[in-house]
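For reference, the structure discussed in these notes is given below.
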Amino acid sequence: MGSDKVRIGIIGCGIGIFHLEGFEKERRAEVVALAGLDTERCVMLQNRFNVPRRYGDYSEMLADPEIDAVSIAVPNHLHLPVTLDALAAGKHVLVEKPLARNVVEGQQMIDAARAAGRILMIIFNRRGRHDVRLVKREVERGRLGKIYHAKAFWMRRSGIPGLGSWFTNKELAGGGPLIDLGVHALDMSLWILGNPSPVAVSAATYAALGPKGKGQWQGNRFAVTPDVAYEVEDFATAMVRFEDGMTLQLDASWAGYTRHTDEFGVTLMGDNGGAEIHVKDYADSGTLRFFGEIEGTPTVTEPRLLATHGHGEMAKSFVASILDDAPVSPSAEEGLERVRLIEAIYRSAQEGREIEIAPLAAVTA
């Protein structure tokens, strides 16, 4: 690897477009190859982004000694095998969320990265948003006081990614909107709050519309396949308790008869102030409000926000960790913690009871 540039290979030509856009914004990165089974889409991306090489089989890409790192944008069930292959080939790895379908797979990935001496980073691109970063800084500075309750959500009115596709297959996806969208909401809130330790969760999941063939994301490239069983939830709700007494309400939905279009956000309630992020249809502005008071009079502050590119911010962080030895963020370990909490939520919903969550040291020891 050259001292001033990281040569990247992208695996997956679906959401891989966002990875390409992200690395295009990082001057110290150069995408030199694409790999994917959808030839038409890969050719389109290769031409649009002027990528020199294209492979049908990603293993051929991994054999290329000129590639320093890979960015993985494939379905959830492939995160483990593709990551292991890339690490074995000596590549640094950036992988889409969720880290894995379950804790066992995620831990295998982390162990392999440590053994290979390579960086394994996960994409939580919402961390790159200006509103999210502002709230995190205010929390770190103590401006909101002690946070005692938080809410996190990602809700869609009609947004199942593909009825009958891998998204709605339990084995391939690991779950529905909780592991697809809820993982983003969890990461935004927990990162803002400094990664507090969860101790218990009580949850419920529902499959109300998907099994009826309703709730498909309009205009999505995945075709509706009504004869294929819908195996995951279309709505999940959970209450999480943390070691310091704080609570978090989480809601994640692909489809439901609500006012939401495609919306996500985080609300914080502190003893000295509050904050609310509410993003509708991926807006960059008008999404953040801080709540406080001046001499007993309630106040609302709405900062002027800057537009950012989430995957671009992830690309910068990934390259900095490789070239500058900067801390890996978002780390695979954080990704594992999100998966661990999601597992507990699914278990609570399945068993119909509160589930206690052991300290991470007890899990990974």
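Report, by residue number, each residue of segment 344-361 that is surrounded by fewer than 13 Cβ atoms within 10 Å (Cβ to Cβ) and either of a type outside the set (A, V, I, L, M) or at pLDDT 95 or above (or both).
Our first condition is that a residue be surrounded by fewer than 13 Cβ atoms within 10 Å (Cβ to Cβ); within segment 344-361, this holds for 350-353, 356, 358-359, 361.
Within segment 344-361, Q350, E351, G352, R353, E356, P359 meet the criteria.
Strands (runs of 3 or more DSSP E) wholly in segment 256-365 with at least 2 residues that are more than 29 Å from G22 (Cβ to Cβ) and of a type outside the set (D, E, K, R) - which ones?
Values: elements: 262-270, 274-280, 288-294, 297-301.
Strands (runs of 3 or more DSSP E) meeting the threshold: 262-270, 288-294, 297-301.
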**Request:** Can you give me the number of residues within segment 294-322 that are touching a residue at least 12 places away in the same chain (Cβ under 8 Å), surrounded by fewer than 14 Cβ atoms within 10 Å (Cβ to Cβ) and of a type in the set (D, E, K, R)?
**Result:** 2
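Of everything in segment 65-98, what is of a type in the set (V, I, T) and within 20 Å of the chain's Cα centre (by Cα)? Give them in sequence order.
Narrowing segment 65-98 to residues of a type in the set (V, I, T): 67, 70, 72, 74, 82-83, 93, 95.
Passing the criteria: V70, I72, V74, V82, T83, V93, V95.
Give segment 230-255 a look and list any residue that's in a strand (DSSP E or B) and among the aliphatic types (A, V, I, L, M), or say none.
A236, A238, M239, V240, L248, L250, A252, A255
With respect to A150, determine if the residue is touching a Phe, Trp or Tyr at 6+ places or on another chain (Cβ under 9 Å), surrounded by 19 or more Cβ atoms within 10 Å (Cβ to Cβ) and either assigned by TED's automatic domain parsing to the domain that holds V266 or within 20 Å of E333 (Cα to Cα) (or both). Break it down into steps so the answer makes sense when it comes.
Values: touching a Phe, Trp or Tyr at 6+ places or on another chain (Cβ under 9 Å): no; surrounded by 19 or more Cβ atoms within 10 Å (Cβ to Cβ): yes; either assigned by TED's automatic domain parsing to the domain that holds V266 or within 20 Å of E333 (Cα to Cα) (or both): yes.
No: the conditions fail for A150.
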**Fill in**
Checked segment 185-196 for anything surrounded by 22 or more Cβ atoms within 10 Å (Cβ to Cβ) and in contact with a strand residue (DSSP E or B) (Cβ under 7 Å, 6 or more places away or on another chain); matches are A185, L186, M188, S189, I192
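Rundown of residues vs (1) more than 24 Å from M239 (Cβ to Cβ); (2) in contact (Cβ under 8 Å) with a residue 40 or more places away in the chain; (3) surrounded by 21 or more Cβ atoms within 10 Å (Cβ to Cβ), yes/no style:
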residue: L99; (1), (2), (3): no, yes, yes
residue: I119; (1), (2), (3): yes, yes, no
residue: R137; (1), (2), (3): yes, no, no
residue: R157; (1), (2), (3): no, yes, no
residue: G164; (1), (2), (3): yes, yes, no
residue: G174; (1), (2), (3): no, yes, yes
residue: L178; (1), (2), (3): no, yes, yes
residue: L181; (1), (2), (3): no, yes, yes
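Does N76 count as touching a residue at least 60 places away in the same chain (Cβ under 8 Å), polar (S, T, N, Q), within 30 Å of F291 (Cβ to Cβ) and surrounded by 19 or more Cβ atoms within 10 Å (Cβ to Cβ)?
Details: touching a residue at least 60 places away in the same chain (Cβ under 8 Å): yes; polar (S, T, N, Q): yes; within 30 Å of F291 (Cβ to Cβ): no; surrounded by 19 or more Cβ atoms within 10 Å (Cβ to Cβ): yes.
Criteria not met by N76.
The values are calculated or read from the model by the stated rules, or taken from the named source; none is laboratory data. The shown structure was predicted, so the numbers you read here are calculated from the model rather than taken from an experiment. Counting neighbours? That spans all protein chains shown, and the Cβs are built from the backbone with ideal geometry, glycine included.
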